Amino acid sequence: MLFTSCVNQGSKQEEKNMTEADMKLIETAKNYFSKLPEPNDPTTPMALLGKKLYYDETLSANGKMSCNTCHPISNYGVDNERTSPGHDGTRGTRNSPTTFNAYFHVAQFWDGRSPDLADQAKGPVLNPIEMGMKSDVDVVSTLKNSTEYAEMFKKAFPEQSDPITFDNFALAVADFEGTLATPAAFDAFLDGAVTMLDDNQKEGLSLFIETGCIACHIGPGLGGNMMQRFGLVHGPYWEFTGSDLKDEGKYTVTGVESDKNVFKSPSLRNIEKTAPYFHDGSVESLEEAVRIMAFTQLGKELSKEEIDKMISFFKSLTGKIPDHAL
């Protein structure tokens, strides 16, 4: 009763503090954004199995790599490398995106080639320049050598007589990744807790909307829900990022001309923690990334003050790393 009373008093105080401008900003924001969807339960047998698999280094050619190597949970699901080194030190050509809040994205990978997390989970473990396992048969064989996995797979897939399969490996990893939600101050703000954002952050949010960033960065992730050309107004993008990797994005998958330089619009959740930026990790500074985005995608040149306010807003999107995943 005491807790409920305190919550109600807090809500009433928020209502009292809310100005007409605050009410209008929240109402406008709700037209474009929403709170994070409910994540998976981290205590189920499937999620617990997925967590063990996520951290398992035996599922790599050198016995030293796991999903967590390039997507460390303790570091917001990124390694802060431009591109990540694989099992033999060879680096890929794309930046490793965060695994946090990816469970509701429209597709996975920068080029959108995987429709969901389970399909995505099959890629890195077999990629010759990532974890480097020779085949799905080798993955299954490694898993079947473990009595602990035999028990965990049986609990996660109780209706199956032979549950240790490559498909089930991927489903379990995906289920665990579905628990990696990081609700932040912005979610509370959308719920009416106006004091969760300071004046600079509110101005940054208004600027974000008015500048037109919402053309791509909308929904619960403020991104992650569409594919878009990088260099929509001013391109090609590498002229502005200085990148030496002239990656043509979705075109490399489909061969369709209109897919050239098309990439998944990344989520801005935890963006201050996930440098370097863009699909090739070509930009270290968030300030520079914002400047480039405004110009290449919207044809707008932002002042330093405008960029600073927008970044101040981005900080309200930084959530807490979930304890259960560590």
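The values are calculated or read from the model by the stated rules, or taken from the named source; none is laboratory data. As the structure is a computational prediction, the values presented were derived from the model and not from experiment. All Cβ positions, even for glycine, are placed from backbone atoms using ideal geometry, and neighbour counts span all protein chains on display. Note: areas computed on protein heavy atoms with side chains; ligands, DNA, RNA excluded. Shrake-Rupley method; radii C 1.70, N 1.55, O 1.52, S 1.80 Å.
Bridgeable aspartates and glutamates around Lys134 (alpha carbons under 14 Å apart, same-chain partners fewer than 8 residues away excluded): Asp88. Please work out whether region 223-326 counts as rounded, prolate or oblate from its C-alpha gyration tensor, where a ≥ b ≥ c are the square roots of the eigenvalues and a/c under 1.5 means rounded, while otherwise a/b larger than b/c means prolate and anything else oblate? In terms of gyration-tensor shape, oblate. Of the residues Glu130, Glu284, ranked by 1.4 Å probe accessible area with the largest first, the sequence reads Glu284, Glu130.
Our analysis of the chain gives Rg over Rh at 1.00, with the two radii drawn from alpha carbon positions and Rh computed by the Kirkwood formula. Taking a straight line from the alpha carbon of Lys122, these aspartates and glutamates sit under 18 Å away, with near neighbours fewer than eight places off in the same chain left out: Asp56, Glu57, Asp111, Glu130, Asp136, Asp138, Asp167, Asp175, Glu177. Using just its DSSP H runs of length 4 or more, each adding -39500 (n - 2.57), the chain gives a mean residue ellipticity at 222 nm of -12000 deg cm²/dmol after division by all residues.
Taking every protein chain into account, the accessible area of the chain amounts to 48 square angstrom per residue (probe 1.4 Å).
Nonpolar atom fraction for the chain, defined as the carbon and sulfur part of the 1.4 Å probe accessible area, stands at 52 percent. Derived scalar couplings between HN and Hα for region 63-75 equal x, 10, 10, 9, 4, 5, 5, 8, 10, x, 4, 6, 10 Hz in order, rounded to whole Hz, by the Karplus curve 6.51 cos²θ - 1.76 cosθ + 1.60 (θ = phi - 60°), x for Gly and Pro.
When you restrict to C-alpha pairs under 8 Å that are six or more residues apart and normalise by the size of region 172-326, the relative contact order lands at 33 percent. Could you give log10 I(q)/I(0) at q = 0.17 Å⁻¹ for region 60-156, computed by the Debye formula over C-alpha point scatterers of equal weight, without solvent? With no solvent term, the Cα-only Debye profile gives -0.86.
For the chain, relative contact order (Cα pairs under 8 Å, six or more residues apart, normalised by length) works out to 22 percent. If the cut-off is 19 Å between C-alpha atoms, which lysines fall inside it for Lys320, apart from same-chain ones fewer than 8 positions away? Within the straight-line limit of under 19 Å, Lys320 reaches these lysines: Lys35, Lys51, Lys273.
When the chain is treated as a GNM with alpha-carbon contacts under 10 Å, the residue of Lys315, Lys246, Lys264 showing the greatest mean-square fluctuation is Lys246. Once the C-beta distance of Thr165 and Thr44 is scaled by a Förster radius of 30 Å, the resulting FRET efficiency is 0.95 to the nearest 0.05.
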